[in-house]
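Enquirer: Below: one structure in structure tokens.
Read-outs throughout are calculated quantities, based only on the coordinates presented, and are distinct from any laboratory measurement. Just so we're clear, the structure is a prediction, and the values are computed from it rather than from any experiment. Every residue, glycine as well, gets a Cβ built from its backbone with ideal geometry; the counts of neighbours run over all protein chains shown.
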Amino acid sequence: MSDTAWKSASELVSEIASGATRSEDVLDAYLARVEAHNGEINAVVATDVDAARARARAADEAAARGESWGPLHGLPMTVKDTFEVVGMACTAGAPELKDHRPARHATSVERLIEAGAIVYGKTNTPIWAGDLQTYNDVFGTTNNPWDTGRAPGGSSGGSAAALASGFTSLELGSDIGGSIRNPAHFCGVTGHKPSFGIVPIRGHVPGPPGNLTGADIGVAGPLARSVADLELALDVMAGPDDFDGPGWRLDLAGPRGGKAGDYRVAVWADDPACEVDSEVADLIAGAGEALARAGARVSDAARPAIDMMESHEIYYMLLAGELGASLPEGMRHRLRQSPPAADDMSHTAIFSRGAVMDHAGWLEWNEKRARLRDAWRMFFGDWDVLLCPVMPRAAIPHDQSKNFQARTVQINGRARDYVDMIIWCGMTCGVYLPATVVPVGRTSEGLPVGVQVVANFLEDRTALHVAGILERELGGFARPDMFS
């Protein structure tokens, strides 16, 4: 049982069904690791052990009778503390929500539980899920298991850190600006940002508790230590929400290819508009070379017909329009009264404009997005997937300075704006594309690096399949040195 906590979700479900492992033993293995290591990592911030143990025992009794609750029968797991789970508080890292106890599960959580999963704990997130790091005044700072002086990413930082620490084999995260992909990259695990709209987001905070409308751009999706587990979880969660259920069904296309040699792969490892650390860019290029060796047709020159910075402005304006709606009215008034100069293209200025635009303005920017989406659609007529960085560098040192916009990061020895870190994720996020992150190597400092495998809208299975090929070619997840 010593390696139980490091097994994949798929392995554990199979062993529980066969009787080779008990659900309660898996739960105990996770709890033992949390007891031993969570003090240093601070990924798991809430538990409901009594309810989890009772359900695990029921799962074992059902398995002994030959019964199955579904494809996740008896699997203990954790979820990000932005998803409502009955029996535990849902804080989204916000002190004002520390006592919020939902009356029903988030839809995605409900589907995991209906498939047999056992949610035993919640994982940390930055306040209102709004940072590339994970810390808040409710639960404190989550550390990266590869280097506890560094951030695990955000906003699903607790999710990725829990996976990399052996506290769970499957996690539920969310992503509006890289919040699944960034932590997967920083912590050396896998993550999938689904095509927009295919996994219901009801029960996610933010928006406010009880909100029935999902955020533009934002999605719910799985994190794991293997691509197969991402596929397993996506199959469970994807489908119409309560509003759409009477009239439509989701039928995702299968992958475009059956083997590496069937794929046309574009590689975009670096760009002057958002410079990438040379070691990271080399590992992204190396992922393309691995696919070429496996038989794929690979190009490092193919690009969608877009301008990266124009794409980023469109994404950031629409993101600001979404996030700005929840700002206090006094702040919105001040932004209207003191607009930035028209030629100011800083992140602060773009956000200030987007946060207070009217509906007519939003429609104009949404049309610009539609034109970007069309350019990507045309690109995926010639190429099956795009490989690109998740972020311009590997995991950053903790930086909790109050002025978010004034923070900087080091890229190739030069300071860059902190918010530049979301440009590569935002390029694919704002246009609703699916993207799978899989580890492709480590830097000279021993920090993991992931690659984004991006596919056409609603072709999630193609992104996942190519990510699986990369996992086999390059080794996939490795335990952090502190656990090896």
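Enquirer: Would you mind finding the longest exposed-site-free stretch of the chain, with exposed chymotrypsin sites (Phe, Trp or Tyr not before Pro) meaning DSSP loop and at most 15 other Cβ atoms within 10 Å? List each step's numbers first, then the result.
Expert: Details: sites that count: PHE243, TRP248.
Answer from the scan: 1-242.
Enquirer: Among residues other than THR190 whose Cβ falls under 11 Å from its Cβ, what is the net charge (Lys/Arg +1, Asp/Glu -1)?
Expert: Details: positive: ARG181, ARG225; negative: GLU171, ASP229, GLU231, GLU471.
For residues surrounding THR190, the net value is -2.
Enquirer: How high is the FRET efficiency between ALA253 and GLN400 when r is their beta carbon distance and R₀ equals 51 Å, given to the nearest 0.05? Before the final figure, lay out each step's value.
Expert: Values: r = 43 Å, r/R0 = 0.85.
The formula returns an efficiency of 0.75 here.
Enquirer: So what's the net charge close to GLY324: Lys and Arg +1, Asp and Glu -1, counting the other residues with Cβ under 13 Å from its Cβ? List each step's numbers first, then the result.
Expert: Working: positive: ARG332, ARG334, ARG336, ARG353; negative: ASP216, GLU322, GLU329, ASP358.
Neighbourhood net charge equals 0.
Enquirer: Let me ask something else. Which listed residue (GLY257, ASN143, GLY245) has the Cα farthest towards the positive end of the charge dipole for region 121-265, taking +1 on Lys and Arg C-beta and -1 on Asp and Glu C-beta about the Cα centre?
Expert: Farthest along the dipole direction, towards plus: GLY257.
Enquirer: Now for a different question. Taking neighbour counts of Cβ atoms within 10 Å as a proxy for exposure, in what order, fewest first, do MET482, MET378, MET308 appear? The partial results should precede the final answer.
Expert: Details: MET482 14, MET378 11, MET308 18.
Fewest-to-most ranking of MET482, MET378, MET308: MET378, MET482, MET308.
Enquirer: What are the trypsin sites (Lys or Arg not before Pro) within region 381-456 that DSSP puts in a loop, where the Cβ has at most 11 other Cβ atoms within 10 Å? Walk me through the intermediate numbers first.
Expert: Details: sites: ARG393, LYS402, ARG407, ARG414, ARG416, ARG442; in loops: ARG393, LYS402, ARG407.
Those that pass, being in a loop and sparsely packed, are LYS402.
Enquirer: Rg and Dmax of region 1-70, using alpha carbons, in Å: what are they?
Expert: My reading of the Cα-based Rg and Dmax gives 12.9, 40 Å.
Enquirer: Past the 26 Å Cα-Cα mark, which pairs from LYS368/LYS402; LYS80/LYS368; LYS122/LYS368; LYS80/LYS402? Numbers along the way, then the final one.
Expert: Details: LYS368/LYS402 33 Å; LYS80/LYS368 32 Å; LYS122/LYS368 38 Å; LYS80/LYS402 24 Å.
Result: LYS368/LYS402; LYS80/LYS368; LYS122/LYS368 exceed 26 Å.
Enquirer: Can you give the longest stretch of the chain with no exposed loop site, where a site means GluC sites (Glu not before Pro) in a DSSP loop (not H, G, I, E or B) with at most 15 other C-beta atoms within 10 Å? Present the calculation step by step, with values, prior to reporting the outcome.
Expert: On the way: sites that count: GLU67, GLU445.
By the stated rule (loop sites, at most 15 other Cβ atoms within 10 Å), 68-444.
Enquirer: Further question: In percent, what relative contact order does the chain have, based on Cα pairs under 8 Å that are 6 or more apart in sequence? Please list the in-between numbers first.
Expert: Details: 1112 pairs, mean separation 77.8, N = 484.
Relative CO of the chain lands at 16 percent.
Enquirer: Taking all pairs of distinct Cα atoms, average 1/r, flip it, and tell me the Kirkwood hydrodynamic radius of region 298-382 in Å to one decimal place.
Expert: Working: mean 1/r = 0.0706 Å⁻¹.
This gives a value of 14.2 Å.
Enquirer: Where Rh denotes the Kirkwood radius from the mean inverse Cα pair distance, what is Rg over Rh for the chain? Working shown, then result.
Expert: Working: Rg = 21.2 Å, Rh = 22.3 Å.
So for the chain, dividing Rg by the Kirkwood Rh gives 0.95.
Enquirer: While we're looking at this one, here's another question. So, counting K/R as plus one and D/E as minus one, what does the shell of residues with Cβ under 12 Å around LEU283 add up to? Working shown, then result.
Expert: Values: positive: ARG393, ARG442; negative: ASP270, ASP277, GLU279, ASP282, GLU289.
Its environment carries a net charge of -3.
Enquirer: Then there's this: For SER226, SER179, SER10, which order do you get if you count the other beta carbons within 10 Å of each Cβ and list the fewest first?
Expert: Values: SER226 23, SER179 35, SER10 19.
With the fewest neighbours first, SER226, SER179, SER10 line up as SER10, SER226, SER179.
Enquirer: Further, regarding this structure: By a straight-distance test (C-alpha under 20 Å), which aspartates and glutamates pair with LYS98 as possible cross-link partners, with residues fewer than eight away in the same chain excluded?
Expert: Once the sequence-local aspartates and glutamates are set aside, what remains near LYS98 is ASP48, ASP81, GLU84, ASP131, ASP137.
Enquirer: Apply 1/(1 + (r/R0)^6) to the Cβ-Cβ distance of ALA294 and ARG332, taking R0 = 60 Å, and write down the FRET efficiency to the nearest 0.05. Could the numbers behind the result be given before it?
Expert: Values: r = 52 Å, r/R0 = 0.87.
Approximately 0.70, to the nearest 0.05.
Enquirer: Apply 1/(1 + (r/R0)^6) to the Cβ-Cβ distance of ALA478 and ALA415, taking R0 = 51 Å, and write down the FRET efficiency to the nearest 0.05.
Expert: Details: r = 31 Å, r/R0 = 0.60.
That gives a FRET efficiency of 0.95.
Enquirer: Provide the percentage of antiparallel DSSP beta bridges, counting only those with both residues in region 4-240; round to the nearest 5.
Expert: On the way: 15 of 22 bridges.
In region 4-240, DSSP labels about 70 percent of beta bridges as antiparallel.
Enquirer: Before anything else, pin down the relative contact order of region 240-378: Cα pairs under 8 Å, at least 6 apart, normalised by residue count, whole percent. Please report the intermediate quantities before stating the final value.
Expert: Numbers: 121 pairs, mean separation 30.7, N = 139.
Once divided by the residue count of region 240-378, the mean separation gives 22 percent.
Enquirer: Which parts of region 308-348 would a label at GLU364 reach, counting a residue when its backbone N lies under 13 Å from a point 7 Å out along Cα-to-Cβ?
Expert: Residues passing the 13 Å test: 342.
Enquirer: Kindly provide the helix-only [θ] at 222 nm of the chain, computed as the sum of -39,500 (n - 2.57) over DSSP H runs of four or more divided by all residues, to the nearest 500 deg cm²/dmol? Could the numbers behind the result be given before it?
Expert: Values: 14 runs with 176 residues, N = 484.
Mean residue ellipticity at 222 nm (helix-derived): -11500 deg cm²/dmol.
Enquirer: From the convex hull of the Cα coordinates of region 130-271, what is the mean projected area in square nanometres? Provide the component values of the computation, followed by the final result.
Expert: Working: hull surface 43.9 nm².
One quarter of the hull surface, i.e. the mean projection, equals 11.0 nm².
Enquirer: Take every Cα-Cα distance within region 4-240, group them into 5 Å bins from 0 onward, and report for each bin the whole-number percent of pairs it holds.
Expert: P(r) over region 4-240, rounded to whole percents: 1, 8, 17, 21, 22, 17, 10, 4, 1, 0.
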